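The values are calculated or read from the model by the stated rules, or taken from the named source; none is laboratory data. These numbers were taken from a predicted model, which means no experiment stands behind them. Virtual Cβ from ideal backbone geometry, glycine too; neighbours counted across all protein chains shown.
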Amino acid sequence: MSDTSESQENPEKMPVIAPRLHLSRRGLCISLALMVIAGLSVYATFPDSVGGPPLPVEVELAMGPMPTADGAGSLLTETIVLTNLAEHPIPKFSIEINGQYLLFREAPLGEYQRLELPQRVFTDKRSNHRFNPVKYPVEEVTLTGQLPSGARGVTRFIFKDGVVVDSH
């Protein structure tokens, strides 16, 4: 006889229930880690698609006099010149050269403020090495900052021979 007919004749016998799958704590941790890794890999593969609205900032490369460390004079050096084109300051401002050298600016970039920074103050993200503009030309400058809406604004400038050829 089949199991169902036996259970009808003998009510004490319990019907057979199929086993259910259960996710262990270890399995849950592994699946969550895999989801995070998948999300980060998408971000790494398509960083432009996860950017934000553009920042109203202009960037140019120039040579400019910068004060020496002892304050006794000025030295002509390679600079990055930033100009805020908006009627509002831009807080949480960061500047990145060639996707590797970074500078966080504590003070907001004021409304219509023009800021000139020596390229040698930018440090490598992975070490404390400084950017060397003589050895490496500036090919890309990425700016991020907070817009009045609270959104993160991102603008990337592409340079060829010291001149902006594209921005987005």
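Checking the range 152-166 against the condition returns no match, with no residue being assigned by TED's automatic domain parsing to the domain that holds Leu61, at pLDDT 90 or above and in a loop (DSSP other than H, G, I, E, B).
The set of residues in the range 74-99 that are without any contact (Cβ under 8 Å) to a residue 24 or more places away in the chain and polar (S, T, N, Q) contains only Ser74.
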